[in-house]
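Visitor: Just dropping this structure here.
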Amino acid sequence: MDERIGQCGCGRLKIRVRGEPLGVARCHCDFCQKHTGSAFRLSSFFAEDQVLEITGQPRVYNGLEIDGVGIADSVERGVAYHFCGTCGSTVYWVWEPGRGVYGIAVGSFVDPDFPPPTMEVWTELRHRWVPPIPDAVAHKHLPDV
Ligand SMILES: [Zn+2]
Ligand SMILES: [Zn+2]
């Protein structure tokens, strides 16, 4: 499949990408659990030039911006999450300053054939019933960069 479209729950916010993701990761951290309302976040990463089109008018949540209320001491700071103002789904995110990479929620593609995660982080907070992903590199917290 050469192109994929990720979209929010109501379909107003869409991102169209070309080619395979640079990587796929599952994060079990505190922020991802709260932000997604799920036991973990599934993220895919695409280079900026793989992003063909974004349609809709996203709202942006960036912990750094809002009245001094942010994600204290979290590495998630500096990430601008783009979400649909109508249905609330977070569809994609970018780093500030830019890294030339987009994070896109794997769930936004609704594709059972989407490549599986090759990495998982914050396994210390992984729910006990969630099995490790075969062949994925697992980090108890975040990997050293
Ligand atoms: Zn929506
Ligand atoms: Zn996380």
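Visitor: Hey, can you tell me all the residues within region 18-57 that are assigned to a strand (DSSP E or B) and within 16 Å of ligand 1 (Cβ to nearest atom)?
Guide: Correct list: Ile54, Thr55.
Visitor: Pairs only if they're at least six apart or on different chains, beta carbon under 7 angstrom, first in region 7-26 and within 16 Å of ligand 2 (Cβ to nearest atom), second assigned to a loop (DSSP other than H, G, I, E, B) and of a type in the set (A, V, I, L, M, F, W, C); list them, first residue then second.
Guide: So the pair list comes out as Arg26/Phe40; Arg26/Ile133.
Visitor: Sort out which residues of region 95-145 are aromatic (Phe, Trp, Tyr) and open to solvent by less than 50 Å² (accessible area, probe 1.4 Å), and write them in order of number.
Guide: Trp95, Tyr102, Phe109, Phe114
Visitor: Can you tell me how many residues in region 8-23 are out of contact with any His (no Cβ under 8 Å at 6 or more places or on another chain) and buried (at least 21 other Cβ atoms within 10 Å of the Cβ)?
Guide: Selection size over region 8-23: 4.
Visitor: If you take the residues of region 26-82 that are open to solvent by 80 Å² or more (accessible area, probe 1.4 Å) and of a type in the set (Val, Ile, Thr), which of them is modelled with the highest pLDDT?
Guide: Only one residue tops the list, namely Val69.
The values are calculated or read from the model by the stated rules, or taken from the named source; none is laboratory data. Because the structure is a prediction, the values reported are computed rather than measured. Heads up, the Cβs are rebuilt from the backbone with ideal geometry, glycines too, and the neighbour counts pull from every protein chain shown. Side chains are part of the model used for accessible areas, which takes the heavy atoms of the whole protein and leaves out ligands, DNA and RNA. Shrake-Rupley method; radii C 1.70, N 1.55, O 1.52, S 1.80 Å.
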